1. Counting only residues 5 or more places away or on other chains, whose amide H sits under 5 Å from the amide H of B:G41 once H atoms are built in the peptide plane?
2. Nearest 10 degrees is fine. How inclined is helix A:38-54 to the longest principal axis of chain A, computing both from alpha carbons?
3. For peptide A:247-257, what's the mean number of Cβ atoms from other chains within 10 Å of each residue's Cβ?
4. What Kirkwood Rh does segment B:49-120 have if only Cα atoms enter the pairwise 1/r average? Answer in Å.
5. On the Cα set of chain B, report Rg and Dmax in Å, please.
6. Cα atoms only, segment A:2-221: Rg and Dmax in Å?
7. Rounded to the nearest 5, what % of DSSP beta bridges with both residues in segment A:2-221 are antiparallel?
8. With each run of n ≥ 4 DSSP H residues scored as -39500 (n - 2.57), what mean residue ellipticity at 222 nm is computed for the protein assembly as shown after dividing by its residue count and rounding to the nearest 500 deg cm²/dmol?
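Every read-out reported here was derived from the displayed coordinates using simple, explicitly stated rules and does not represent laboratory data. Quick caveat, the model's predicted, so the values are computed rather than measured. Cβ: placed from backbone, ideal geometry, glycine included. Neighbour counts: every protein chain shown.
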Amino acid sequence: MEILVCVRSVPDTSDNEIALNGNGTDIQRDELVYSVNEPDNYAVEEALQIVAKLGGSVTVATVGTDEDEEVLRREMAMGADHGVLLADQAFANSDGRGIAAILKSFVKKGHYDLVLTGVQAEDGAAQVGGMLAAMLDYPFASLVNSIEVFDGSKLKVSREIEGGNKEISEIDLPCVLSIQTGINEPRYVGMRGIRAVASVPVPTYGLAELGVERESVGPAAAKVKRVDYFVPTMGNGAEMLSGSREENAERVLELLAAKGGLK
Amino acid sequence: MARIFAFITHKSGVVDDTAAELAAAARKIDPSGSPTAIVTGFGAELDAACEAVRPLYEEVWRVASETLHYPNAELIRKALVKIVPPGSIVLVAHDHFGIDLAPGLSIKLNAAFVPDVLTIDGAQGPALCVVRQEFGGQVNAHVRCDISSGAAITIRPGAFKPLENDAIEGAVIDKSGEVGALTAGRRYIETVAAEAGEVDITKHALLVSVGRGIQDKDNIAIAQELAGALGAAVSCSRPVVDAKWLEKSRQVGSSGKTVKPKVYLACGISGAFQHLAGIKGNPFIVAINKNPKAPIFQVADVGIVDDILEFLPELTNKVRDLRSVAAK
């Protein structure tokens, strides 16, 4: 099975405080560490497991800049056979639809049975996979948390729906699936793995090579534009305890007793 | 102003809470307009759903088809493309169904896609101004969308308060004939119910809930010791289940369990909306997190900026001290 996984490099914000720049047009990115978008990493692992069973190859692609070659190499160190960087000045400031248009052109250049994306990236939009599928007229399933290969023409997939329930469907190939975290246990990548793929060439394709229409990408094509960021104020906010660790623990205990949390 | 539609989901005829929320969101886009509901399905279930939507929408488009008995996003997308006029705005809830439907729908309608909207500031000519969240709710963004060729918009469940107006008696208009035969490359087989775990977190009055901040499987014991001392149960957020540190039945959130404790100790949990959606009944929330900007502090009653790996053992000791004094 020939599998394409669309990945993206995002700032790792799980444990980090995010600050805005002076006028709120962006977050302060200098201090942030970029890494592969977490659901994308599960998607690559899933592709590797399918290919290990059935044969074929895994290609990882990203729409980005030269710096994003690093994230491709990380996924190649996991075992992906090929990495491709989709980069062009004209791609900058594309919205989700623009990114999907670039990926569509790349998919059309090859022959993939299955295209995977992560369910969503740091903007929480969960959009590119579904858009790409519609552009290609491929069937699509989002929030996929298990994949079983029926035969060469279709898959059995499970989607994560409310309450931890699973919606099971069959889906014809070729198709696009957006992968939810937790579907598998992504393998560890060490420095040795990264070094092993350091000399593998990663080709770059731009507007002309991909045959992307200029008017479908970039800021002019973007129907959706971020004006600025701001820090939200939801509700009244917590009463912050600022005592010593011991004092805070004592206060929490008093509160637990008062609120009926202590038996 | 473009015509606004709300796609209504229902389960066996029981309409989702978001039906009223989408009506409220539509009024924010066009205060003078009157949105139209679209309900798909089959038989008595569809009739019940249409009836339930009539008090909320002046017009209800009913699409009856045996193939739409289960809400398959691909089939519904194809049905909507046939009946929705060009340039329309289509609203759908940002849930597992909306995520499945709306991005592809926007492509087929050649319309803007506006995902997971929290607030609608209003339309200015061809531009719609909305607020979205990014980075797991740590920051919000003002977003401007060109809706001149229509839009598919997903609305965050719970973000819009249903309007308190006089009940309408909406007209049900049958659109089934315009849809015709539908086929899809994805076919529904069955729904598998979530597995019951060894501990039922929905039954506990006090939950010690751990998130990514617990850092390692071995550290789960720290939370279990506190829960043991308190007589509480240990629950968790999604990353802990993804990492296989706790079983799925311990997960609180829209894709996990909905809990109604009296007190909720959120330990190393950032507070993504999918997690908060699983906490009901307005419990007293104590949040402990190293990141002072964690969104959980906006919804918690009491917050402590600290490392849970240090704080939880301290709290466990205090609980044990209290218990031993009480025993004497």
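1. Residues meeting the amide H criterion: B:V63, B:S65.
2. Value to nearest ten degrees: 40.
3. Partner-chain Cβ atoms within 10 Å, mean over residues of A:247-257: 6.
4. For segment B:49-120, inverting the mean 1/r across all distinct Cα pairs yields 13.5 Å.
5. Just the Cα atoms of chain B yield Rg and Dmax of 22.9, 78 Å.
6. Over segment A:2-221's Cα set, Rg and Dmax evaluate to 17.0, 55 Å.
7. Working: 17 of 41 bridges.
Once the DSSP bridges in segment A:2-221 are tallied, antiparallel ones form about 40 percent.
8. -8500 deg cm²/dmol
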